[in-house]
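Input: a single structure, listed below in structure tokens.
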């Protein structure tokens, strides 16, 4: 009989923080230190055939954990087994456990909407923070591939809390011998055009897909709705591939500077070769200028900036944004349909 060493679990799990198709996230308290973490519990049976995604996530996080203040740290990972012997071998591990920083400040837009005011300079500061972390990730030879507001969490509820990039489940370490990745991965509304081309001609994609996603996130931070919202997933994908978006309605974008719009346009360049890198995007005038860019509020006696929060909240609560989240759940099926139509 094969000898198997089993290490007693060092954690006690608590309340559920979230759930998905293959995993749930719970609070986990380290028994000896009382330190609280967020524990991602992955069901290996449901992940059958996709175990490489777990290995990828661990490989990515081991390379970048604790290296940047705006990236969640992977503190520990382990597997669990049923303490039952099956004939001559121990039963295969059931779950994989990944223990991360516990971020209690909520998602990006939750905290924005809790504020009394929100200005263009606030949006620029958030984008600068995220892009600085993306630059670090890319410098480590990694592409995230799923940047979106739901994966941007505040460490605490403090006013000056760090904004953290989380969920590296679709991330990959780039292979120097194969500089481009293949396959359709991500959340449709944030996926770059070249990812959809992968479903047709396997052209490949890489770090530029994260800059495209930053363009979509910036658009959202300025207007409250996504640039490629359409009535069907297929129409949304075709709009992405064509780079078909507009700064409309005018009542929303009249309060946003031309410099900010130019930044969005640069990130949403359809050709990934012409798209700026994360480092180049950080040098854009909207982020690099010492003086903030804004549209002056005509009702302000001092000529201060327009408060973007009213329009942002109105858009976030609107039907168009709700439809975008609905499409996200249909992602892969819609991509497959689009691929077959293209062929």
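Quick notes on this structure:
- Any hit, the stretch 181-202, residues being out of contact with any strand residue (DSSP E or B) (no Cβ under 8 Å at 6 or more places or on another chain), free of Cβ contacts under 8 Å to residues at least 40 places away in the same chain, farther than 30 Å from residue 297 by Cα and not in a helix (DSSP H, G or I): yes
- Scanning the stretch 207-240 for residues that are in contact with a helix residue (DSSP H, G or I) (Cβ under 6 Å, 6 or more places away or on another chain), at pLDDT 95 or above and surrounded by fewer than 20 Cβ atoms within 10 Å (Cβ to Cβ) gives no hits.
- Condition met for residue 31 (within 24 Å of residue 13 (Cα to Cα), surrounded by 15 or more Cβ atoms within 10 Å (Cβ to Cβ), at pLDDT 90 or above and in contact with a strand residue (DSSP E or B) (Cβ under 9 Å, 6 or more places away or on another chain)): no
- Residue check, residue 79 in a helix (DSSP H, G or I), modelled with pLDDT under 95 and either outside the structural domain of residue 181 (by TED's automatic domain parsing) or under 30 Å from residue 277 (Cβ atoms) (or both): no
- Output for the stretch 136-146, where each listed residue is surrounded by 18 or more Cβ atoms within 10 Å (Cβ to Cβ) and outside any loop (DSSP other than H, G, I, E, B): 136, 137, 138, 142, 143
- The residues on offer are 281, 235, and the sole one that is in the same structural domain as residue 138 (by TED's automatic domain parsing) and under 28 Å from residue 309 (Cα atoms) is 281.
The values are calculated or read from the model by the stated rules, or taken from the named source; none is laboratory data. Note that the structure is predicted; figures quoted are calculated from it, not measured. We place every Cβ from the backbone using ideal geometry, glycine too, and count neighbours over all the protein chains shown.
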